[in-house]
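The values are calculated or read from the model by the stated rules, or taken from the named source; none is laboratory data. No experiment lies behind these values; they were computed from the predicted model shown. Because the Cβ atoms are built from the backbone with ideal geometry, glycine has one as well, and the counts that use them run over all protein chains shown. Surface accessibility is based on the protein's heavy atoms, side chains included, excluding ligands, DNA and RNA. Shrake-Rupley method; radii C 1.70, N 1.55, O 1.52, S 1.80 Å.
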Amino acid sequence: MYKNAKWIKPSRHFGDVCPAFVKKFELADVGIVNQATMTVTAAGVYEAYLNGNRVGDYILAPGWTSAKRLQCQEYTITELLQENNTLIITVGKGWYASPIPGWLNDDEKLARQNLTCGIIANIAINGIETIKTDATWRVQESPVRFSELYDGEYYDATIANTALEPVQEYAGLETKFVPQQGEKICEIDRLIPCEIITTPKNERVIDFGQNLTGYIQLNLPKSTKNGDKIQVSFAEVLDKDGNFYNANYRGAKSLLTYVCCGGEQSYKPKFTFFGFRYARLDEFPENLATENLADIFTAISVHSDMNRTGWLESANPLLNRLFENVVWGQKGNFLDIPTDCPQRDERLGWTGDAQVFVKTATYNFDVEKFFTKWLADLALEQLPNGAVQHVIPDAMNGAAGSAAWGDAATICPWQIYLTYGNKAILANQYDSMCKWVHFIKTSTKEQFLWIGGTHYGDWLSLDKSEDGAHNSTTRHDFIASAFYVHSLEITIKTGKVLGKKTVKHEHLHQNAIKAFREKFPTYNTQTEHVLAVQFNLSDNPQQTADDLAKKIIQDGSQLKTGFVGTPYLLHVLSRYGHADLAYTLLLREEYPSWLYPVTKGATTIWERWDSIKPNGDMQTTDMNSFNHYAYGAVADWVYSVAAGIQTIEDFPGFAKVRIAPQPDERLGWLSAKLETKHGTISVKWQYISGKLRYDILTPVPAEVVIGKQNYSVEKGSYTFWQAK
Ligand code: BGC
């Protein structure tokens, strides 16, 4: 990729100031430029300008991968070239040098601060490498005086034309260059303020009406004076008194500071992002105070550039808002990698969260490329013993091996295969799957089960004492052994698709089910019941599902599940004749439920069932994100059961579809639309004058199930009527 280009960095340490690498060059001898491309990557995140024009629209390039590989972006720059050219590539700390995660000790933080950002780039004109990074480049201090992912950015627009200094060629990162594999990160939505609030504490706060991930743009008027300073803090929520609240950001300062030059200008951060709905003006120049703030501030959402593929709508406005919240949760957390949350000092690629949400993710957006990249990193980061890291890319020094988190290694690729029908993902990930189940086999204390180890359990479930513990009473060995069976099953199915020998895994699988049944003959919590049915572990699934239904009703028709049990809860109920109870849970508005946060004004999915408690108090600051997609996994039940749009394993990628809606009169009507590689599938059911009407559109042959009737239909649109 780089024949002669060298890594370059400033020849002195710039501290927090972001370096801007500069190259001036002439093209007098080149002749006609038919095609010019520039290939760039960085230790840090970069932004390139050629002759004053931004090169490409990639935000936070080169993105975040395992340290073992580094994506390089190639841009066509034919139209941007002139005879005399100035190329400026500014570099921020990004994921490479920002202190990540937020709980690094002082030595680790210092080590990060001492890292120097650098770049490697070349320009090929008509296929010939013409310009390349080397010692002839120069570097200067940019107006970005500070930029870190958690703490925000400080930009001083009064600083211009700082001295050009020498650069130094250096060894750069010990890594493998790869072309861009994931979706690029882009600016997606622009939102104008919906309200300017003065809080009881007299804070001036701008409400953008939507919790999102990205940043704000300032559009400043002529009256702006040189040296005027604007400082903004961000928050996802206001507290119960209506005051600005961001204690839940923990160590992430999330501050934006802009020192203005004189006159009309606009600014948006270059190398950071925030998770926010509200912006508080901590400092704002007097002379701009009379301006209309709504003209000055715009919020910009930033995430991976995925195509939207799924839409849900119903007669229930709260449920519709929940669907929107699920989509915004995905937008806010699919920023190159699937993160747990975008605001506090974490923002990591937690495997468990991704596993829980992957099915919903595939309905809402085309995430094939997105997961192909992240899963490649998962495989690269996997430890030699097969343990899967808790976070991908590994930012936690090798911490690995939790059940239901590590199982992302099997669950995610299998789901991507089912939805998009591309065997390549299975071929890419098969070794990783085998290593994961081998890891379990070799680390358990009892054969055929997964006993022992350290696990997160049914994270944030409600079947625990009220002492604020994150963990649940669902047995960890139970969860671990159940997911072991599930991962074995997926590994076997994958092996079969790929034409591999699967006998050993099948032997393990049969024994694992047997051992599970002997070890865990009874089930305690809601989640234990759910897993026993979902993973075919119960020898009497009807009875177990009935027991689950009874238990939920005894619990006050309330769910108690956490990250592990929640995604499957409604599926297990509806599969065994308890769809009415599934709808009761879905439509419940009181705490705990999916709609409860909506009644509290949520515009994304909360981390906890009660991130804001019924009395308006906030949950503990140590773990309280208002943009955590995990519980949004309920949307996959709405798409695949309530609306009934299901993949068929033998026809992956919706080459054929099963449409088996399960309506409920309390909802009135529901419609779902899904763009697949084969065309649009849509389903709408509605209760009309005592009857049920179904409108179905399928671009492929479909197995339609209406009530207890099965129909095999060719592609086309169909209407069915059913007596209630
Ligand atoms: C994250 C979770 C994650 C968990 C591990 C938390 O800090 O935000 O979503 O899965 O740690 O259990």
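Provide I196, I206 ordered by accessible surface of protein heavy atoms (probe 1.4 Å), highest first. Walk me through the numbers before you get to the answer.
On the way: I196 70, I206 0 Å².
Correct descending sequence by accessible area is I196, I206.
Taking the Cα centre of segment 46-166 as origin and charging only Cβ (+1 Lys, Arg; -1 Asp, Glu), how large is the dipole, in debye to the nearest 20? The partial results should precede the final answer.
Values: 9 positive and 16 negative charges, 50 e Å.
Taking the Cα centre of segment 46-166 as origin, the dipole is about 240 debye.
What ³J(HN,Hα) values, in whole Hz, does the Karplus curve 6.51 cos²θ - 1.76 cosθ + 1.60 give for segment 295-304 when θ = phi - 60°, with x put for Gly and Pro?
7, 8, 10, 10, 9, 10, 8, 10, 6, 4
Could you let me know the centre-to-centre spacing of segment 473-518 and segment 274-351, using Cα atoms, in angstrom?
What the calculation gives is 39 Å, centre to centre.
Kirkwood Rh over alpha-carbon pairs of the chain, then Stokes-Einstein at 25 °C and 0.890 mPa s: what D in µm² s⁻¹, rounded to an integer? Spell out each step's value before the answer.
On the way: Rh = 27.2 Å.
After rounding, the answer is 90 µm²/s.
Near the amide H of D282, under 5 Å away, which other amide H atoms are found, from residues 5 or more places off or on another chain, if H is placed in the peptide plane?
Close amide H contacts, sequence-distant or interchain: Q231, V232, S233.
Helix 317-333 versus the longest principal axis of the chain: what is the Cα-based angle in degrees, 0 to 90, to the nearest 10?
50 degrees
To the nearest 10 square angstrom, what accessible area does S223 show with a 1.4 Å probe?
Surface open to solvent at S223 totals about 50 Å².
Rounded to the nearest whole Å², what accessible area per residue is found for the chain with the 1.4 Å probe? Numbers along the way, then the final one.
On the way: 27020 Å² over 724 residues.
Per-residue accessible area for the chain comes out at 37 Å².
Can you give me the C-alpha center-to-center distance between segment 530-590 and segment 133-166, rounded to a whole angstrom?
So the separation of the two Cα centres works out to 56 Å.
Within the accessible area of the chain, what % is carbon and sulfur when the probe is 1.4 Å and the other protein chains stay in place?
Values: 12770 of 27020 Å².
The C+S portion of the solvent-accessible surface of the chain is 47 percent.
Taking the Cβ of Y154 as the center, what net charge do the other residues with Cβ under 15 Å away carry, scoring Lys and Arg +1 and Asp and Glu -1? Walk me through the numbers on the way to the answer.
Numbers: positive: K93, R145, K229, K253, K268, K270; negative: D16, E141, E148, D151, E153, D156, D228, D282, E283.
Residues close to Y154 contribute a combined charge of -3.
Find the Rg to Rh ratio for segment 357-454, where Rh is the Kirkwood radius over alpha-carbon pairs and Rg uses the same atoms. The partial results should precede the final answer.
Details: Rg = 13.6 Å, Rh = 13.8 Å.
Using only Cα positions, Rg/Rh for segment 357-454 is 0.98.
Are there trypsin sites (Lys or Arg not before Pro) in segment 413-498 that DSSP marks as loop and that have at most 12 other Cβ atoms within 10 Å, and which are they? The partial results should precede the final answer.
Working: sites: K423, K435, K441, K445, K464, R475, K493, K496; in loops: K445, K464, R475.
Answer in residue order: K445.
List, in order, the whole-Hz ³J(HN,Hα) value for each residue of segment 59-64 obtained from phi through the Karplus relation with A = 6.51, B = -1.76, C = 1.60 and θ = phi - 60°; use x for Gly and Pro.
Once rounded to whole Hz, the list reads 9, 6, 5, x, x, 10.
What percent do you get for the relative contact order of the chain when only Cα pairs under 8 Å and 6+ apart count?
Numbers: 1719 pairs, mean separation 79.5, N = 724.
Worked out over the chain, it gives 11 percent.
Leaving ligands and nucleic acids out of the surface, order D539, D394, D407, D134 by accessible area at 1.4 Å, largest first.
Details: D539 120, D394 50, D407 0, D134 25 Å².
The ordering from most to least exposed comes out as D539, D394, D134, D407.
So how tilted is helix 368-381 from the main axis of the chain? Cα-based, degrees 0 to 90, rounded to 10.
The angle comes out at about 80 degrees.
Ignoring ligands, DNA and RNA, how do R608, R12 rank by accessible area with a 1.4 Å probe, largest first?
Largest accessible area first, the list is R12, R608.
In terms of modelled amide H atoms, which long-range or inter-chain residues lie less than 5 Å from the amide H of D189?
S301
Calculated from DSSP H runs of 4 or more alone, at -39500 (n - 2.57) each and per residue, what is the 222 nm mean residue ellipticity of the chain, nearest 500?
Details: 16 runs with 185 residues, N = 724.
The per-residue figure over the chain is -8000 deg cm²/dmol.
With both bridge residues required to lie in the chain, what share of the DSSP beta bridges run antiparallel, to the nearest 5%? Don't jump to the answer; show the numbers that get you there.
Numbers: 125 of 137 bridges.
Around 90 percent antiparallel, to the nearest 5.
Would segment 637-689 count as rounded, prolate or oblate if I go by the C-alpha gyration tensor, calling it rounded below 1.5 in a/c and otherwise prolate when a/b exceeds b/c, oblate otherwise? Working shown, then result.
Numbers: a/c = 3.08, a/b = 2.11, b/c = 1.46.
It is prolate, given that a/c is not under 1.5 and a/b is the larger ratio.
Output the peptides 83-91, 270-278 sorted from most to least packed, where packing is the average of other Cβ atoms within 10 Å over each peptide's residues. Before the final figure, lay out the partial values.
Values: 83-91: 19.2, 270-278: 26.4.
Result, highest mean Cβ count within 10 Å first: 270-278, 83-91.
Per-residue accessible area for M396 at 1.4 Å probe radius, Å² rounded to 10?
Counting only protein heavy atoms, M396 exposes about 40 Å² to solvent.
In Å³ and rounded to a whole number, note down the convex hull volume per residue for the Cα atoms of segment 674-719. Don't jump to the answer; show the numbers that get you there.
Working: hull volume 3.1 nm³, N = 46.
Dividing the Cα hull volume of segment 674-719 by its residues yields 67 Å³.
Please list the non-local residues whose amide H lies under 5 Å from the amide H of K253, H modeled 1.01 Å from N, same-chain partners needing a gap of 5 or more.
D151
Once the Cα atoms of helix 541-554 and of the chain are each reduced to a long axis, what angle between those two axes, in degrees from 0 to 90 to the nearest 10, is obtained?
The two axes meet at around 70 degrees.
Leaving ligands, DNA and RNA out of it, work out the accessible area of R204 with a 1.4 Å probe and give it in Å² to the nearest 10.
Ignoring ligands and nucleic acids, R204 comes out at about 80 Å².
Say the dipole of the chain comes from +1 at the beta carbon of Lys and Arg and -1 at that of Asp and Glu; which of I131, P597, A404 then lies farthest toward its positive end?
A404
Need the full-extension length gain, K715 to E187, defined as separation in residues times 0.36 nm minus the C-alpha distance. One decimal, nm.
Details: separation 528, 0.36 × 528 = 190.08 nm, distance 3.71 nm.
Contour length minus Cα-Cα distance gives 186.4 nm.
Under unit Cβ charges (Lys, Arg +1; Asp, Glu -1), what dipole magnitude, rounded to 20 debye, does the chain have relative to its Cα centre? Walk me through the numbers on the way to the answer.
Details: 71 positive and 82 negative charges, 335 e Å.
Rounded to the nearest 20 debye, it is 1620 debye.
If you take every DSSP beta bridge fully contained in segment 651-724, what fraction is antiparallel? Give it as a percent rounded to 5.
Values: 28 of 31 bridges.
The answer is about 90 percent antiparallel.
Tell me the net charge near C186. Cut-off is 9 Å between Cβ atoms, C186 excluded, with +1 for each Lys or Arg and -1 for each Asp or Glu. Mind showing how you got there, number by number?
Values: positive: K184; negative: D57, E183, E187, D305.
Summing Lys and Arg as +1 and Asp and Glu as -1 gives -3.
Which whole-Hz ³J(HN,Hα) couplings does segment 707-724 yield from phi under the Karplus relation 6.51 cos²θ - 1.76 cosθ + 1.60, θ = phi - 60°, glycine and proline marked x?
In residue order, the calculated couplings are x, 9, 8, 9, 10, 9, 10, 7, 4, x, 10, 9, 10, 10, 10, 9, 6, 5 Hz.
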